[in-house]
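Chemist: Pasting a structure here, questions to come.
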Amino acid sequence: MPTYPLSFPAVTPNSERLAVNRRQSAIASNFTLIQQTINTASQWTLTWTWSPMRQAVAERLRAWLNSLRGQVGHFRYFPRQTVTSTLTGRKVAETAYAYLSAVVMGGWVAGQASQLRIGQLFSIGSQLFEITDAPSNADANGRCLVQFEPALRQTFAVDTDVEFFRPSGLFRLNSSEGQTYTLTPGGQRGNLAEFGTLTAVEAVGA
């Protein structure tokens, strides 16, 4: 049996879409139309495509997809970013409790430029986050209060590592249907194989 999480194949996606999907219910008053929204959970959804490829490459990718066994297994994915952060040595400075969307991080010199940006990805443990707000500079204690989405799913202790350089998340396929390629024979480049669009969701609890 495969050992999960699997590594993502060494074939760079041609396109990638990473979005937070939320499980919500909304109720509006019949009299005032005031809406009450209940948010119960959220998770990342990853959609990607690969460029047309030689059949030999496609066979290896199909084998990787099959080794996930539909929705049973999961894999680690490192999303692409516009800027690769050089931040290292950052840690949780105060206990980060589950269900919160903010964490105090330490590891800066007092007043130092934080090098944090809105939209930047980071990970704590196996969970992936996106910064929604962060200070430009650390405070007098060399700390930064960082807000993010989605919310924490577990509590992280003080001194837990925060990964900025190469953040990642765990994903599983969103369908148990067979994932394979379509082969187009002939042409100057020989047989070309295409997988179409593939979708995975964050592997909550993996």
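A short reminder: the numbers here are calculations on the coordinates, not readings from a lab. Bear in mind the structure is a predicted one, so any value in this text is a computation, not a measurement. Here the Cβ is made from the backbone with ideal geometry for all residues, glycine too, and neighbour counts use every protein chain on show.
Chemist: Is it possible to state the helix-based mean residue ellipticity at 222 nm for the chain, with each DSSP H run of 4+ residues giving -39500 (n - 2.57), the sum divided by total residues, to the nearest 500 deg cm²/dmol? What is it?
Modeler: -2000 deg cm²/dmol
Chemist: How far apart, in nm, are two points set 7 Å out from the Cα along the Cα-to-Cβ line at GLN81 and at PHE8?
Modeler: Going by the 7 Å Cα→Cβ label model, 1.4 nm.
Chemist: Right, another one. Taking amide H atoms as placed 1.01 Å from N in the peptide plane, list the residues 5 or more away in sequence, or in a different chain, whose amide H sits under 5 Å from that of ASN137.
Modeler: Answer set, sorted by chain and number: SER114.
Chemist: Over the Cα atoms of region 1-97, compute the convex hull volume and normalise it per residue, giving Å³.
Modeler: 238
Chemist: Can you give the relative contact order of the chain as a percent, counting alpha carbon pairs under 8 Å and 6+ residues apart?
Modeler: 26
Chemist: How big is the convex hull of the Cα atoms of the chain, per residue, in Å³?
Modeler: 171
Chemist: HN-Hα J couplings of region 109-126 from phi, Karplus 6.51/-1.76/1.60, θ = phi - 60°, integer Hz, Gly and Pro as x?
Modeler: Calculated HN-Hα couplings, in order: 7, 3, x, 5, 4, 6, 6, 9, 9, 5, x, 6, 9, 8, 9, 10, x, 9 Hz.
Chemist: Moving on. Calculate how steeply helix 55-67 sits against the longest principal axis of the alpha-carbon atoms of the chain, using the helix alpha-carbon long axis, and give the answer as 0 to 90 degrees to the nearest 10.
Modeler: 50
Chemist: Could you tell me the calculated FRET efficiency between LEU33 and ASP133, based on Cβ-Cβ distance and R0 = 35 angstrom, to the nearest 0.05?
Modeler: After rounding, the FRET efficiency stands at 0.70.
Chemist: For region 7-23 and region 122-171, compute the distance between their C-alpha centroids and round to whole Å.
Modeler: After rounding, the separation between the Cα centres reads 20 Å.
Chemist: Looking at region 91-163 from every direction and averaging, what is the projected area of its Cα convex hull in nm²?
Modeler: It is 4.0 nm².
Chemist: A further question on this structure: Which cross-chain or sequence-distant (5 or more) residues have an amide H under 5 Å from the amide H of PHE8, H modelled 1.01 Å from N in plane?
Modeler: Amide H to amide H, under 5 Å and 5 or more residues apart or across chains, PHE8 pairs with ARG76.
Chemist: Binning at 10 angstrom from zero up to the longest distance, how are the C-alpha pair distances of region 39-160 distributed in percent?
Modeler: P(r) over region 39-160, rounded to whole percents: 11, 35, 28, 16, 9, 1.
Chemist: At a Förster distance of 25 Å, what's the computed FRET efficiency of GLU177 paired with THR40, Cβ-Cβ distance as r, to 0.05?
Modeler: Step by step, r from the Cβ atoms, then E = 0.40.
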